[in-house]
């Protein structure tokens, strides 16, 4: 799959436990935003909502095949998080 920079992704379900342990993030609730392509891997910002805070882990490395695009209607909370973190002036 061709990864597009600065677009919203999520972790494939089969790899949630691995990335949760490795990066200490709530993987199932995490928005992954690729920022740099590194061959078969991608450096990403990982964001999630924690109450009202929006923590971020920067430069987390993912294998490209372990990411899948976010669907706006299926993943509405992650999509809304992506829209507000990429442009805080956008409102749903």
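The values are calculated or read from the model by the stated rules, or taken from the named source; none is laboratory data. Everything quoted here is computed from the prediction, not taken from an experiment. We place every Cβ from the backbone using ideal geometry, glycine too, and count neighbours over all the protein chains shown.
I'd like to know if region 24-36 contains one or more residues that are under 21 Å from residue 1 (Cβ atoms) and more than 11 Å from the chain's Cα centre (by Cα).
Checked region 24-36: at least one residue is under 21 Å from residue 1 (Cβ atoms) and more than 11 Å from the chain's Cα centre (by Cα).
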Residue match in region 45-59 (condition: surrounded by fewer than 16 Cβ atoms within 10 Å (Cβ to Cβ), out of contact with any strand residue (DSSP E or B) (no Cβ under 7 Å at 6 or more places or on another chain) and within 18 Å of residue 3 (Cβ to Cβ))
no
Any residue that is without any contact (Cβ under 8 Å) to a residue 40 or more places away in the chain, in contact with a helix residue (DSSP H, G or I) (Cβ under 7 Å, 6 or more places away or on another chain), farther than 19 Å from residue 81 by Cα and in a strand (DSSP E or B) - is there at least one of those in region 42-50?
yes
All positions within region 13-25 that are under 20 Å from residue 75 (Cβ atoms) and either at pLDDT below 95 or surrounded by 15 or more Cβ atoms within 10 Å (Cβ to Cβ) (or both)
15, 16, 19, 20, 23, 25
